[in-house]
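Heads up, the thing below is written out as structure tokens.
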């Protein structure tokens, strides 16, 4: 990135023209550039999805508010959910995988660089296609433009009888296209991890981040394929006279739910695996200790991956499955808590006896730990089927999964930004702005999502554009909305920090955190080829071995 | 350890206190939809299970949080030791085994408590004394049919109070005419979805008379938000009286025959039924006893003459995106129609 102008004594080579730079970025197959593209793309959509959330919160500030119409509100929450899941968190996690996995396993690129570029552009096209619906979606009189069937699009709402025009076609096609992109990247991540490791990097020596991305890749293959299949079936229903989900012609609405959630629940773990990955790298470095119980952490990750494929119907406890099915999905859901608990204990075990440095990446990871603990416990409450009959489809659920995705995943993600930004750009993010970002976001988060549990307990269903006065929901919703704006300010501080520090941040050097994995052994930003000579490792912490030749890890393996 | 115990106790008390507050607030408020103010057996067993689960998760929270905060305070970096690395510990099989086995035991306990309540609520047999109601979800209103009693009504469900000595629970058969819906009256029972081609069942046995509020909980389209529902729990005598009235055909009053003619010659009859007339539409609510209901538009507005008039002329003013069309009647026709509708008691 910083190689636009090269000066050689006596000869001056001009920087490349802008068009050529852009052309290089668009045609690039370099894993680092694609990683950056993924992240920038996701940050753009984060702002879009965030603005949608703010409009939703303005509408819900008080009962019978008339800020947006019900039609617009329904489009907004559909687009907010779809955007945040498919075009923010998925791509940003793929971006980090792209950037970090080859560096951490001592490889020079991903296994299939062209597939990598192809997958990115498919995903990017999917997002643009979804948003093009605002312009191209209106077909029939009275039919809306952007999709308004919810991000889960429960049958038969997506059938032509209830969703005329083309709005839900945009939804279907954009998820289909970006889904192929996700599958391509997942194949690439798995192939890279299995085939491209540097000499000495046995599976048991891989950084935990790499392990978690391996599990995540496998889960993408398992989860995205049924979603794609369901989207194709929905298209057949809508255009080729099929009746898979067309209840008016004897199709099954419940079948769609199963297809959707057999994707939808593993999806949550697909998103949270990278968050685990970031914490598993950051917490040891800032505790100055190796991860506690590496083999247990690996086993727990694989166990979560396996068990999470058998929990999907806990989204359907109110749908009317029989009591045997309900209890089965209750026990599998509770069982996921066991390996997840092991992870939390092991992170605490890592900090125990360490010298904990409260730098920004660590602060965000601690936020993750605290909030993910609460999110997991409210998850256990909802796994209790009868209690879920009250809580599901209410604002309690909305609070719960935002606790997972914002309080858990997004906090870990911010930690990752502060941790690896120096490696990617060669400059440190501002500590002062970062503190503002952390505290504002933490306060905003808790004001919003702690309070949001209560209207759910007071009987407020989700997905409603307005509500009746006199039920005790007004004040609570106002507080929730205020918190949302505090979070928005924090995000602005963060984006500002990313931009300002790129130009003015302190120089980072190769290894600003005194860390132990291979990406810190090369320059910041790394050269196109990553490593001048392919590294050889003898333990899980190659840089520890290098820095402490008197007491290397390799001695104990 | 003492500190941990204290934290747990404080935690438990504060959680319990919070719910007591919520329950008290609910008891004072007739329009409450609080899941912690149960008034019927299913809602009560859910409430008791939720207290048990909250206690267990509260204890877990207190223990893990204490460990987390303790390690942060105890092991924070101090300037005196800035340059030395701590002892490099890689793990401990015993400790890891402990924190694997204990969660497994907790899961087993939670699962057994859950399975018991699931079975008790979901597999409860229907007694012979039960009142059966077929609930049909429509975009965006509720149809209620009482097959044993020959009653058809909409949006406001009437059920008898259930005396624990001689229980008369109400069993709902849940169907959908179009998209998915969900029947949720938090103080009477958990929610159950109305899914097309997938009949469901739920039951409730309220102990007190009164009006209980709820609303559709599953996103069903544009006006999901205003698909409200209310359950009127009546004394056995009141319920019998209500049934007797609902079984009557519509009042035929010669003085409003002009309004009746307007109803029967416009699009009204395509969607609405009035028993004893040519109107037999099923797309909208049955209007035979419209004036016996306290709200219109599935609870979106009170059933006053002004609201009803507005609803007929411009439904979007009350419930934008509902499937009721604006009827475009002349003033004289509307006056006549209103006169007719107001006799439908």
- Task: Compute the acute angle (0 to 90°) between the alpha-carbon long axis of helix B:93-122 and the principal axis of greatest extent of the alpha-carbon atoms of chain B; round to the nearest 10°.
- Result: 20 degrees
- Task: Return a whole-number percent for the relative contact order of the range B:132-203, with Cα pairs under 8 Å and 6 or more residues apart as the contact set.
- Result: 30 percent
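Would you mind calculating the gained length between residue B:165 and residue B:134 on full extension (0.36 nm times residue separation, minus the Cα-Cα distance), in nm to one decimal?
On the way: separation 31, 0.36 × 31 = 11.16 nm, distance 2.56 nm.
Working it through step by step, the gained length comes to 8.6 nm.
Does the range B:196-324 come out rounded, prolate or oblate by the C-alpha gyration tensor, with a ≥ b ≥ c the root eigenvalues, rounded set by a/c under 1.5 and, if not, prolate when a/b is larger than b/c and oblate if not?
Oblate shape, in that a/c is at least 1.5 and b/c is the bigger or equal ratio.
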- Message: Report, to one decimal in Å, the Kirkwood hydrodynamic radius for chain B based on all distinct Cα pairs.
- Response: 23.9 Å
- How many nm separate the modelled label positions at residue B:173 and residue B:267, each set 7 Å beyond the Cα in the direction of the Cβ? 3.3 nm
- Note on the structure: Computed, not fitted: 222 nm per-residue ellipticity of chain B from DSSP H runs ≥ 4 (each -39500 (n - 2.57)), nearest 500, equal to -13000 deg cm²/dmol
- Given springs between every Cα pair under 10 Å in a Gaussian network model of chain B, which of B:218, B:94, B:248 has the largest fluctuation? B:94
- If you project the alpha carbons of chain A onto their three principal axes, what span does each projection cover, largest first, in Å? 72, 54, 42
- By the mean-Cβ-within-10 Å protection proxy, highest first, A:342-355, B:102-115 rank as A:342-355, B:102-115
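How high is the relative contact order of chain A, given as a whole-number percent (alpha carbon pairs under 8 Å, six or more residues apart)?
Reported relative contact order: 15 percent.
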- Query: Based on the alpha-carbon gyration tensor of the range A:193-344, what equivalent-ellipsoid semi-axes (square roots of 5 times the eigenvalues) come out, in whole Å, largest first?
  - Reply: 37, 19, 10
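Output the peptides A:83-89, A:532-538 sorted from most to least packed, where packing is the average of other Cβ atoms within 10 Å over each peptide's residues.
Most protected by this proxy first, the peptides run A:83-89, A:532-538.
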- Message: Using Cα springs under 10 Å in a Gaussian network model of chain B, which residue among B:267, B:297, B:279 shows the largest mean-square fluctuation?
- Response: B:267
- Message: Please compute the length gained on full extension between residue A:25 and residue A:358, using 0.36 nm multiplied by the number of residues separating them and subtracting their Cα-Cα distance.
- Response: 116.3 nm
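If you take the Cα atoms of the range A:441-523, find Rg, then find the Kirkwood Rh from the mean of 1/r over all pairs, what is Rg/Rh?
1.28
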- Answer rounded, prolate or oblate for the range A:307-363, using the Cα gyration tensor with square roots of eigenvalues a ≥ b ≥ c: rounded when a/c is under 1.5, else prolate when a/b is larger than b/c, else oblate. prolate
- Item | Protection proxy ranking, peptides A:491-498, A:450-457, B:66-73, average beta carbon neighbours within 10 Å, highest first | A:450-457, A:491-498, B:66-73
- Task: Over the whole of A:48-61, what's the average partner chain Cβ count within 10 Å per residue? Rounded to a whole number, please.
- Result: 0
- Message: Using a 10 Å cut-off around each Cβ of peptide A:77-90, what is the average number of partner chain Cβ atoms that fall inside?
- Response: 0
- Task: For chain A, find the longest principal axis of its Cα atoms and tell me its angle to the long axis of helix A:411-425, 0 to 90°, nearest 10.
- Result: 40 degrees
- Task: For an R0 of 41 angstrom, estimate the FRET efficiency from the Cβ-Cβ distance between residue A:160 and residue B:102 and round to the nearest 0.05.
- Result: 0.20
- Message: Using a 10 Å cut-off around each Cβ of peptide A:288-294, what is the average number of partner chain Cβ atoms that fall inside?
- Response: 5
- How high is the FRET efficiency from residue A:536 to residue B:211, r the C-beta distance, R0 60 Å, rounded to 0.05? 0.20
- Note on the structure: In degrees, nearest 10, the alpha-carbon axis of helix B:236-247 is tilted away from the dominant principal axis of the alpha carbons of chain B by 50 degrees
- Note on the structure: Taking a ≥ b ≥ c as the square roots of the eigenvalues of the Cα gyration tensor, with a/c under 1.5 meaning rounded and otherwise prolate when a/b exceeds b/c and oblate if not, the range B:254-341 is rounded
- Query: Is it possible to state the helix-based mean residue ellipticity at 222 nm for chain A, with each DSSP H run of 4+ residues giving -39500 (n - 2.57), the sum divided by total residues, to the nearest 500 deg cm²/dmol? What is it?
  - Reply: -21500 deg cm²/dmol
- Mind checking which of B:159, B:95, B:318 has the largest fluctuation in a GNM of chain B, springs on alpha carbons under 10 Å? B:95
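No value in this document is a laboratory result; all are computed from the given coordinates. Everything numeric in this text was worked out from a predicted model, so none of it was measured. Counting neighbours? That spans all protein chains shown, and the Cβs are built from the backbone with ideal geometry, glycine included.
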